[in-house]
């Protein structure tokens, strides 16, 4: 989806395609260099607050936190702690 949007921006006559930058924050900043390697028309990349751990660690932590918070919400709804 992102690459389709970038392609559309490059083809839009009202947009100077030589001045398109991509800004990524957190996971987006981590993936920005990979995206930049695939879209050679980007003028540059702006990376803010890049994650410092591997994508695998970050993904597993996200799943764990999601599952834990879901269980925690179920217990508090039942009157548990």
Inset, instruction - Would you mind ranking 59, 40 by Cβ crowding within 10 Å, fewest neighbours first? - result: 40, 59
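Counting other C-beta atoms within 10 Å, which of 39, 14, 70 has the fewest, and how do the rest follow?
On the way: 39 15, 14 4, 70 9.
Listing 39, 14, 70 from fewest to most nearby Cβ atoms yields 14, 70, 39.
Note the per residue figure in Å³ for the convex hull of the C-alpha positions in the chain.
Spread over its residues, the Cα hull of the chain gives 134 Å³ apiece.
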Inset, instruction - Find the centroid of the Cα atoms in the range 1-26 and in the range 44-59, then give the distance between the two in whole Å. - result: 21 Å
Inset, instruction - Return one number: the angle in degrees, 0 to 90 and rounded to the nearest 10, between the long axis of the Cα atoms of helix 2-11 and the longest principal axis of the Cα atoms of the chain. - result: 20 degrees
Inset, instruction - Fewest Cβ neighbours within 10 Å first, please rank 15, 20 accordingly. - result: 15, 20
Inset, instruction - Divide by every residue of the chain the summed helix terms, -39500 (n - 2.57) for each DSSP H run of at least 4, and state the resulting mean residue ellipticity at 222 nm, rounded to the nearest 500 deg cm²/dmol. - result: -18000 deg cm²/dmol
Inset, instruction - Compute the long axis of helix 55-77 from its Cα atoms, compare it with the longest principal axis of the Cα atoms of the chain, and write down the angle in degrees, 0 to 90, nearest 10. - result: 40 degrees
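Quick note: the coordinates plus some simple rules give every number you see, no bench work behind them. Keep in mind it's a predicted model, so treat the numbers as computed, not measured. Here Cβ is always computed from backbone atoms with ideal geometry, including for glycine, and neighbour counts include all displayed protein chains.
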